[in-house]
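Let me begin by presenting the structure, written as structure tokens, before commenting on it.
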Amino acid sequence: MKNYEVRSKISKFVFCSISILFLLGCKETKEEKSVQPLNILWINADDLGRELACYGNPDVKTPNIDKLAQQGTLYANAYANAPICSSSRSSLITGMYPSTINSLNHRTINRTELPDGIKSITDYFKEAGYFIANGSGKDYLKSPGKRDYNFLPNIKYDGMDWDERADGQPFFAQVQIKYPHRTFDKDEKNPVNPDSVILPSCYLNHPLLKADWALYLESVQKCDDIVGWVMQRLEEEGLVNNTAIFFFGDHGRPHLRDKQFLYEGGLQIPLIVRYPKHLKAGEIDKRLVSLVDVAATTLDLADLKTPYNLHGKVCIGNDQEKRDFVFGFRGRTGDAPDAIRSVTDGRYKLIWNQEPERPWMQLSSYKRSEYPAFTLYRTLHRKGKLPAPFNQFMAENRPEFELYDLNTDPNEFINLATNESYKTDFNRLKSVLQENLKTYDKNQIPESEETIQKGKKASQNYFKVKMKKLGLPEDVSDEELLAYWNNVLLQNN
């Protein structure tokens, strides 16, 4: 029985010839054969890349997440479908790609109801009698967890904590962890030394960026603390072995050229699943897995069906399917409109810039207000001091297609799209991407210029409020903003 964990133990008394002991053995067997519905728990971290000790990062301390990986399966090649929270979470909770449900643009202004009878998977759990919970991990499930969905109507959760359910009622719960989303929080217990961190080679090796990276890792450690609390609670309540636990990031890490983009840093996520019935402890699974697969797998473990085909594939248990490609989607993010699609087979990545006239570094008020690298790159480039290959990102426009060999060029700096030696791989991935987008993009409603301007205005207001909070003028120059970052991250370090 796929959706139940049967806890039974045949008593040795069954084989005893004494009738009283035989009857007691039968009674015990009957009671112990009672079944319990499987609980499902999603632990969703905001903006978390693979910067965890169990994924090989030596600069961060994540003992609780590492323990979870030792007890379950670590997926080494897991990806989000969108590099921004609302688009990714809309896809995650439905098991459908975000453009298919008109949920691709960040915090979609022209929100619509889900098309073609599609529902959030929470509806299927409710219909099956599950308690549906969504709580914030930062305050230990005392307030609602992040939702940030781009469709109507809003999901109605039953509560914030699974302990609000009726006795014996199974639960589908989400613990939303705000870490390591910016603004980063310091880890006073285990500070990370900026001078000793290994900065990923896709970034300019600069003291300011190393200091920023160290704070990111400290926020990752804060995330680990909450995971430890969640796991301790499950153990104390006797739920840990009857709960399928999924731990993941909603998209990639919050750094320049990562979040909001379809490069590896924006889409790569950690995914760890603990479920003793189907998964051996301590295994590393190198298959391609997409975050959209989590919904399909979750429903399958609970033996729940949808009347339509999900875009996700089951990746655990008897019904698991092989995934040959992972797709990525990017639309407008705040005041930075764009249209980018991607596909990877795990070796090669093809990115389709559908609006190549836009620069990579078009104004993003959110990034300018929160990312030191955004201002640093602009300032150095203007002075002619930003070296190659980092200066590529400052170009005034982009190629329509980008092709990368992830084995030899994990930083995605060497575009092979026009290289004749890679023509076969380029054509193969282009055909796969364009053919699938005929289905995946069919329900995406283009935003009007008026809608785009509304998005820009909201983002620019965010910037003004943020600058006021930092004690800076609304029309702050890059030089003034860079001086602020140097003071906060370097001189006060």
Response to the item:
One finds the C-alpha centres of segment 221-247 and segment 356-409 to be spaced, in Å, by 39
Worksheet item: Straight-line reach from Lys286: which lysines have a Cα under 18 Å away, not including same-chain ones fewer than 8 places off?
Response: Lys313, Lys322, Lys349
Worksheet item: So what's the back-of-envelope 222 nm ellipticity for the chain, counting only DSSP H runs of four-plus at -39500 (n - 2.57) apiece and dividing by all residues, rounded to 500?
Response: -9500 deg cm²/dmol
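Taking only protein heavy atoms and a 1.4 Å probe, what accessible area per residue, in Å², does segment 266-330 have with all protein chains in place?
Numbers: 2560 Å² over 65 residues.
With all protein chains present, segment 266-330 gives 39 Å² per residue.
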Worksheet item: Per residue, what accessible area does segment 376-493 have, given a 1.4 Å probe and all protein chains present, in Å²?
Response: 61
Discussion item. Give me the extension gain from His278 to Asn110: residue separation times 0.36 nm, minus the current Cα-Cα distance, reported in nm with one decimal.
Written reply: 56.3 nm
Worksheet item: Got a number for carbon plus sulfur as a percent of the chain's accessible area, 1.4 Å probe?
Response: 50
Worksheet item: Expressed in nm to one decimal, what extension gain is obtained for the pair Asp405 and Lys430 from 0.36 nm per residue of sequence separation less their Cα-Cα distance?
Response: 7.5 nm
Practice prompt. Given a cut-off of 20 Å, name the pairs among Lys385/Lys468; Lys367/Lys469; Lys146/Lys457; Lys259/Lys367; Lys146/Lys186; Lys156/Lys457 whose C-alpha atoms lie farther apart than that in the structure shown.
Written response: Lys385/Lys468; Lys146/Lys457; Lys146/Lys186; Lys156/Lys457
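Find the accessible area per residue for segment 151-231; the probe is 1.4 Å, ligands and nucleic acids are left out, and the unit is Å².
On the way: 3310 Å² over 81 residues.
Per residue, segment 151-231 has an accessible area of 41 Å².
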Worksheet item: Once the Cα atoms of helix 423-440 and of the chain are each reduced to a long axis, what angle between those two axes, in degrees from 0 to 90 to the nearest 10, is obtained?
Response: 70
Discussion item. Looking only at the chain, where both bridge partners belong to it, what percent of the DSSP beta bridges are antiparallel (to the nearest 5)?
Written reply: 50
Worksheet item: Quick one: ranking Ile445, Ile132, Ile198 by accessible area, 1.4 Å probe, largest first, what do you get?
Response: Ile198, Ile445, Ile132
Fill in: Spin-label model distance (nm) - Asp475 vs Ile452, 7 Å beyond Cα toward Cβ
2.6
Response to the item:
For Lys454, counting only aspartates and glutamates whose alpha-carbon sits under 12 Å away and dropping same-chain residues fewer than eight positions off, the answer is Asp335
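If DNA, RNA and ligands are ignored and the probe is 1.4 Å, what is the ranking of Trp162, Trp352 by accessible area, most exposed first?
Heavy-atom accessible area, descending, gives Trp352, Trp162.
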Discussion item. Suppose each label sits 7 Å from its Cα in the direction of the beta carbon; what would the Asp303-Asn241 distance come out to in nanometres?
Written reply: 2.1
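The values are calculated or read from the model by the stated rules, or taken from the named source; none is laboratory data. It should be emphasised that the depicted structure is a prediction, and the values quoted were computed from it without experimental measurement. Positions of Cβ are backbone-derived with ideal geometry, glycine not excepted, and every protein chain shown enters the neighbour counts. SASA here: full protein model, heavy atoms, side chains in, ligands and nucleic acids out. Shrake-Rupley method; radii C 1.70, N 1.55, O 1.52, S 1.80 Å.
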